[in-house]
């Protein structure tokens with residue numbers, strides 16, 4: 001917590017706030033990309049199974 005206060009006093013609140021928001025966004029974007037990749041694999045598997053039936 002003290003590091004956060006020191007960062008705000010050193011570089012200013014807007015810069016620290018921007019970095020925190022960017023870090024959180026980057027983390028969320030990684031999770032979203034993983035979910036999309038998992039869904040793509042699931043759809044491909046379903047299509048393969050459907051094509052084997054026909």
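Of note:
- Cα-based radius of gyration of the chain once divided by 2.2 N^0.38 Å, which approximates compact folds: 2.13
- Only helical runs count toward this figure. For the chain, summing -39,500 (n - 2.57) over DSSP H runs of n ≥ 4 and dividing by all residues gives -33500 deg cm²/dmol at 222 nm.
All of the numbers you see were taken from the coordinates with simple rules; none came from a lab. Because the structure is a prediction, the values reported are computed rather than measured.
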